[in-house]
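Below: the structure, in C-alpha cells.
The values are calculated or read from the model by the stated rules, or taken from the named source; none is laboratory data. Remember, predicted model here, so these are calculated numbers, not experimental data. In this analysis, Cβ positions are derived from the backbone assuming ideal geometry, glycine residues included, and neighbour counts consider all displayed protein chains.
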Amino acid sequence: MDFKRIGEDIVNKAIKAGADEAEAVIENVKEFNVNVRKGEVETLQKSVSKGLGLRVYINKALGLSYTSDLSPESLDETVKRTIDLAKITESKPWQGLPDFGPQPLADLDLYDPEIAAVPDEKKIAMAKEVERIAMAQDKRITNSEGGSFSNTEREAGLFNSKGISCVLKETSCGFSAYVIAGEGDNMQGGGWSSNKRFFKELAPVEDVAKTAAQRAVEMLGARPVETNKVPVIFDRYAARSFWMGILFAIDGDDVFRKTTFMTEMLDKPIASALITINDDPTRRRFIGSVPFDGEGNTTRKITVVDKGVLKMFYYDSQTARKAGVKVHTVARRYGYKGGPGAGFICITVENGKDDPAELFKGVKEGLLVTGMRGSGTDTTTGAFSVGCSGFWIADGAKAFPVDGVTLGGTTLEILKGIDKVANDLDLRGSLNSPSFRVAEITVGGKKA
Amino acid sequence: MNRHKPHQSMDRRSFLKKGMQTGALVVSYPVWKHLSGSDRQALFAAETAPAAGLDKDILKKLLEACLSRGGDFAEVYYERTVTNSLSLDEEKISTATRGLDMGAGFRVVQGEKTGYAFSDDLDFARLKEAAETAALIASGAAAQKPQNFTSLSPPSYYLVKVSPDTVASKEKAALLIRANSVARAFDKRITQVGVGFYDYSKRIMIANSEGLYAEDTQTLSRFGVSCDALEGSQRSTGYESKAGSFGFEHYSLSQADEFGRKAAEMAIRMLPAEDAPAGEFPIVIAKGYGGIFFHEAIGHSLEADGIRKKTSCFWDKLGQPIASPVVTLADDGTYKGAWGSVNIDDEGCVGKNTILIDKGICAAFIQDKLNANLMKKGQTGNGRRESYQFYPIPRMTNTYMHAGEAKPEDIIKSVSKGLYIVKIGGGNVQPTTGRFVFSVTEGYMIEGGKVAQPLKGIMLMGSGQEVLKNISMVGDDLLVIGGGTCGKDGQAKPTGFGNPTLKVDKITIGGKKA
C-alpha cells in the first residue's frame, strides 16, 4: 500500500474541501497468532487489517473520524463528513496541529526483515515447546492455559498539512506460557513471556517456561496476613504498575485544570532522592522505541524525575499551547481511531546501587510485592490503595506466599519513603523499573 | 479522574494476552470521557442491508472454502459498525467524532481447534483468501458441504425507536450544554465539567455451515456527566450516567438537568472524604454498581472456557452450594434495553436468561458454541466477540443478582461499624484463584446503623468463593445498569450488571488507616 500517496492525498483533499489544517494517520497491520494448549493447537489466527484516521481543524474547531474502508469513494466521503464534524464543534484558541514542521527522524532499526521468513510450523513448535517445558518443571503443575506465539508487522504513517510526512515499518514478536499449579481451592496461575523486535533476540524457550512455572508454583498456599504497617519491597516487575499511576498523575492538562494532586509539584521533591526517571524511546531495536510520536514529533530522551525532583509534566502540542508552556511535547496515539494525547512513551526508572538481596536486609517483618492489581494511585486525590500478592518476609528472608492483601497510603508519602533501590533493571517494554523498598506501608489483611 | 487514559492495556491486541497479565480479567466502568467514538451520520445509514456482494450464494461459496480442508464447522461473521460521539469540555462542544468499522471474519473449527482469519476488504477474492486461511486449521479433504440456510427471526430486547445515529448533532449537543450549565451552577467549588453522548450501531450478519443465517442491528447509547471539585487542597470527582440499548427517545433535557445535578452533588459530597480504614469489615453495597462485583468476582469464573479447561475455581461445582442461600444470580441477555442485551449473540444463538446460581447452588455456566459442544451442554447465548477481527468466546451479557425481601434501610441499620459502598470504579479478577479487587469511587463509613462520613481510597479485596458465602441480606430494590466494557483475552465488550442493596458480613478493605 502506498501510504505516502494516500496520506498526502487525503490531507490535500481536506484542505481543498475547506479545512484550515488536516492530518491523516494510516495503519496496516499483519498479524500471526497461535495458542496451543496441552500440546495441541487451540487457535490459529492470521490477519491483515488497515485503517485511516483523519483530523481536521476549521477556525480551530475539531473534526475527527476514522474508517477501515480505504476505497477512494469511502475516503472522499470521509473527508466530507470530517469537515462537517468540524462545523459542529466550537473553536478553542489552542486547538490545531503542532507548530513544528517536518523533523529529522532517526532509523531505530525496529524492523526485522527475517521474521517474515520464519515458517508457521516453527512458531507453532515454539508455542508448544514453551508450554511443554513449563508443565514439566514441577509435579505440582496440574494444568495449563497454554502457550502462545505471536508476531506483528506494522506499517504506519502520519501526514499533515504542515509538511509532516513520516512513515514507520516495525516488527514485534513474542511467545508466552501460562500454567496452573495446585488443585481444588488451592490453585495458582503463573505466566511469563518474551517480546522483542527481532526474532533472533527472543529469550530461550527454557527460560520463559521455567519462569512461568516458578511463578505458579511459588504462590501455592498463598494466604492473607493480618493488618499491619511494615516495610514493603516492590519487585522489579510488579513495580511497573506502581509507576504507571505516578506517570498518569503528571499530565499537563490535568495540572492546568488543577485536577491532579501533582499540580503544585513541579521542580519540587516528590520522591526519595534515590529515584530518577527517564523517558527514552530512542534505544535501537528496543520493543518500547519509536522514532516519532503521535503528532509527528521526533522522540528524544527526557528526564521526568531527577534525584526525586519532578522535572516536567506531559504535554502534547495542544495542551502545551493552552497552558502557555514551551516544552518538548510527547503525544501518544493508540492506533488510527483517535487523536493524540500527552503521555509517556518508554519509561526507565533508573537503577539504584543495591544488590536485590540488600533490600531484604534488616527487614524483620515485611512484604515483598510480586503482583499488583492496578496501579494504586488515585490521580485526583493522591490516595493510594491497591490489592496485591507476593511473599511475607521474616527476618530478612522470604517466608511464605501472600495473596488477598491491600496496600494503603498516599502516593507522595510512599514515594518519599523509598529507602533502597536495587540495581536489577530488566528492560522489557515501555515501562521498566528496578526493585525498590519503601520504609513503611499499611498492609490491609485479615482482622482490623 | 484519569482523563484520556484508558486502562493501561497498551496495545489491546498485543501478544501479552496470557503471559504478562497473569490471566487477570479487567472490567472498567468508565465515565464517558474515557471512551472514544464518533459523530452522527454514517457513510451510509447503519441499517443498510448486509454487505454489498455478501448474498447467500456468495456466503455458501465462502463456507465451502472454509471447509475445503475438512473442518467440522465453519462460520462467516460480517459487521458494519458506525460509532458516534460528541463531547463537551471546558464549557464548549469540543470533540465530534465518527468512525466506520467494516469487515468479515471466518472461523473454522475442527475438534477443539479453531482457525480464524478476517478481511476488511470485501472483495470476493480477499474474502476467499481469508476463508482459505481459516481453513488451514484442519488438514485433509473437504468432508462436508454447508447446509441450506434457514433465517432466524428472534424477538427484540432493544428499546430503540429513534436510532441515535440518525439524530442531528445539535440535539445531542443541547443535552450536553444543559447538563454542563446545571452542574456548574450547582456549587462554585465545581471546577471542571465534562459531558458526553456516545452511540453505536452495529449491523451484524452470521451464516454458518449448519445452515444458520441471522442478522441483527445492535444499537447502544450512553449519556454521562462528570465533575471535578476543589476546595483548598481537597479534590474530588463525581459522575452520573445512563447507558443501554436505548433509542434517542430515552433522553431528555430534564434528564440532562438531573444528571448534571447528581454528578455535581456527588463531587461536593466527596470533597471532605477521609482516608479509608484497612482491615476486615462488614459492607453494604447499594443497588446498581455492586453488579460489577458479581461480574468480576463470580461471573468470570463461571465462563465455560475456564470451566472446561478446569482452570476456574468453580470447574467442578455444578449442582453444589457455592453461595449463601439468599443468592440467585442471572446472566440475562434478554433484559429489555440493557447495555449487554442481545437478540442474538455473535454466533447467532438467540439471547437467553440463564440462572447461574439458584439459591446458592451452582446451576449453569456461561456457554458459547464451541465450549457447549465440547461439554455437551446447551448454548446460553453468550458467544460474543469485540468485532469481526476476533473469534467468539464465552462472555457475560447482563449479570445481576435477583432481588430479595429486605428493605434497604434495614440492611444499613443492621451494621454497627462497616462501610456503605455506593459506586465502584473498576476491578479485576484472577479466575484461577477467584481473587478480586475493586476500587470504590463513592463510599462511606457506617456507624451505629447510620451512613456517616465519606471515604477516599477504598479498595475491596477478597475471593469470590468466600464473599458469595458471606452475603447475608438482600434488598428488594434491584437496579440493572451499564455503560462499561469488560476486557477478556484482549477483547473489549459492553456488559451490563446489577444488584439489589446487599450486605456482605466481612470483606477485606484496603485503606490507609491501620
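The one condition from (1) in a loop (DSSP other than H, G, I, E, B); (2) within 30 Å of A:ALA394 (Cβ to Cβ); (3) of a type outside the set (A, V, I, L, M); (4) modelled with pLDDT under 95 that A:LYS258 does not meet is (2).
Criterion applied to A:LEU368, A:LEU359 was being at pLDDT 95 or above and not in a strand (DSSP E or B), and the one residue passing it is A:LEU359. Scoring B:THR237 on the criteria (1) touching a Ser or Thr at 6+ places or on another chain (Cβ under 6 Å); (2) assigned by TED's automatic domain parsing to the domain that holds B:LYS469; (3) over 27 Å from B:SER416 (Cβ atoms) leaves a single failure, condition (2). Kindly indicate whether any position in the range B:469-492 is without any contact (Cβ under 8 Å) to a residue 24 or more places away in the chain and either within 12 Å of chain A (Cβ to nearest Cβ) or assigned to a strand (DSSP E or B) (or both). No, that holds for no residue.
Restricting the range A:324-343 to residues that are facing chain B (nearest Cβ under 10 Å) and of a type in the set (Ser, Thr, Tyr), the residue that is nearest to A:THR67 (Cα to Cα) is A:TYR336. Within the range A:174-190, the residues that satisfy the criterion of being touching a Leu at 6+ places or on another chain (Cβ under 9 Å) and either buried (at least 24 other Cβ atoms within 10 Å of the Cβ) or among the β-branched types (Val, Ile, Thr) (or both) are A:PHE175, A:SER176, A:ALA181, A:MET187, A:GLN188. All conditions but one from (1) more than 30 Å from A:THR78 (Cβ to Cβ); (2) assigned to a loop (DSSP other than H, G, I, E, B); (3) of a type outside the set (A, V, I, L, M, F, W, C); (4) at pLDDT 95 or above apply to A:GLY288; the one that does not is (4). Note on the range B:104-138: residues that are closer than 17 Å to A:ASN33 by Cβ, of a type outside the set (Ser, Thr, Tyr) and part of a strand (DSSP E or B) total 9.
One line per residue, one yes/no per condition, for (1) within 26 Å of B:LEU374 (Cβ to Cβ); (2) of a type in the set (S, T, N, Q); (3) part of a helix (DSSP H, G or I); (4) touching a residue at least 60 places away in the same chain (Cβ under 8 Å):
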| position | (1), (2), (3), (4) |
| --- | --- |
| B:GLU296 | yes, no, yes, yes |
| B:GLY299 | yes, no, yes, yes |
| B:ASP305 | yes, no, yes, yes |
| B:THR311 | yes, yes, no, yes |
| B:SER324 | no, yes, no, yes |
| B:ALA338 | no, no, no, yes |
| B:SER341 | no, yes, no, yes |
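One line per residue, one yes/no per condition, for (1) over 30 Å from A:ASN35 (Cα atoms); (2) within 14 Å of another protein chain (Cβ to nearest Cβ):
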| position | (1), (2) |
| --- | --- |
| B:LYS359 | yes, no |
| B:ASN371 | no, yes |
| B:LYS377 | no, no |
| B:THR380 | no, no |
| B:SER387 | no, yes |
| B:ILE421 | yes, yes |
| B:GLY427 | no, yes |
| B:PHE436 | no, yes |
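Taking the range B:276-309 as the search range and keeping residues that are modelled with pLDDT of 90 or more and charged (D, E, K, R), which one is farthest from B:MET396 (Cα to Cα)? Per the criteria, the residue is B:GLU280.
Answer yes or no as to whether B:GLY448 is modelled with pLDDT under 95, of a type outside the set (Ser, Thr, Tyr) and over 24 Å from B:PHE118 (Cα atoms). No.
Screening B:GLN255 with (1) under 18 Å from B:LEU468 (Cβ atoms); (2) in the same structural domain as B:ILE177 (by TED's automatic domain parsing) gives one miss only, at (1). Restricting attention to the range B:204-237 and to residues that are surrounded by fewer than 20 Cβ atoms within 10 Å (Cβ to Cβ) and touching a strand residue (DSSP E or B) at 6+ places or on another chain (Cβ under 6 Å), the residue that is farthest from A:ALA383 (Cα to Cα) turns out to be B:GLY211.
Give the residue that is surrounded by the most Cβ atoms within 10 Å (Cβ to Cβ), with candidates limited to residues of the range B:343-371 that are assigned to a loop (DSSP other than H, G, I, E, B) and of a type in the set (A, V, I, L, M, F, W, C). Per the stated criteria, the residue is B:PHE365. Among the residues of the range A:295-320, count how many are outside any loop (DSSP other than H, G, I, E, B), more than 14 Å from chain B (Cβ to nearest Cβ) and closer than 27 Å to A:LEU52 by Cβ. Result for the range A:295-320: 3.
What do you reckon, is A:VAL208 outside any strand (DSSP E or B), buried (at least 22 other Cβ atoms within 10 Å of the Cβ), in contact (Cβ under 8 Å) with a residue 60 or more places away in the chain and of a type in the set (Val, Ile, Thr)? Against the criterion (outside any strand (DSSP E or B), buried (at least 22 other Cβ atoms within 10 Å of the Cβ), in contact (Cβ under 8 Å) with a residue 60 or more places away in the chain and of a type in the set (Val, Ile, Thr)), A:VAL208 qualifies. Scanning the range B:183-203 for residues that are buried (at least 23 other Cβ atoms within 10 Å of the Cβ) and touching an Asp or Glu at 6+ places or on another chain (Cβ under 6 Å) yields B:GLY194, B:SER201.
Does A:CYS166 qualify as being in contact (Cβ under 8 Å) with a residue 40 or more places away in the chain, of a type in the set (A, V, I, L, M, F, W, C), under 26 Å from A:ARG55 (Cβ atoms) and buried (at least 18 other Cβ atoms within 10 Å of the Cβ)? Here the answer is yes, as A:CYS166 does meet what is asked. Of all residues in the range A:150-163, none that is within 13 Å of chain B (Cβ to nearest Cβ) and assigned to a loop (DSSP other than H, G, I, E, B) has its Cβ atom under 6 Å from the Cβ atom of a residue that is at pLDDT below 95 and crowded, with 19+ Cβ neighbours inside 10 Å, 6 or more apart or on another chain.
Checked across the range B:265-282, the condition of being among the aliphatic types (A, V, I, L, M), within 12 Å of another protein chain (Cβ to nearest Cβ) and in a helix (DSSP H, G or I) holds for at least one residue.
The set of residues in the range A:64-104 being closer than 30 Å to B:ALA104 by Cα and in contact (Cβ under 8 Å) with a residue 40 or more places away in the chain consists of A:LEU64, A:TYR66, A:LEU70, A:LEU75, A:ASP76, A:THR78, A:VAL79, A:LYS80, A:THR82, A:ILE83. Can you find even one residue in the range B:397-405 that is crowded, with 24+ Cβ neighbours inside 10 Å and without any contact (Cβ under 8 Å) to a residue 60 or more places away in the chain? For the range B:397-405, residues crowded, with 24+ Cβ neighbours inside 10 Å and without any contact (Cβ under 8 Å) to a residue 60 or more places away in the chain: absent.
Of all residues in the range A:387-436, those satisfying the criterion of being among the aliphatic types (A, V, I, L, M), within 14 Å of another protein chain (Cβ to nearest Cβ) and in a strand (DSSP E or B) are A:VAL402, A:VAL405, A:LEU407, A:LEU431.
Just one of B:SER169, B:SER151, B:SER94, B:SER163 is closer than 30 Å to B:GLN192 by Cβ, touching a residue at least 40 places away in the same chain (Cβ under 8 Å) and hydroxyl-bearing (Ser, Thr, Tyr); which is it? It is B:SER169.
You will find that of B:LEU136, B:LEU122, B:LEU127, the residue that is in contact (Cβ under 8 Å) with a residue 12 or more places away in the chain, touching a strand residue (DSSP E or B) at 6+ places or on another chain (Cβ under 8 Å) and either more than 10 Å from chain A (Cβ to nearest Cβ) or farther than 30 Å from B:GLY70 by Cα (or both) is B:LEU127 and no other.
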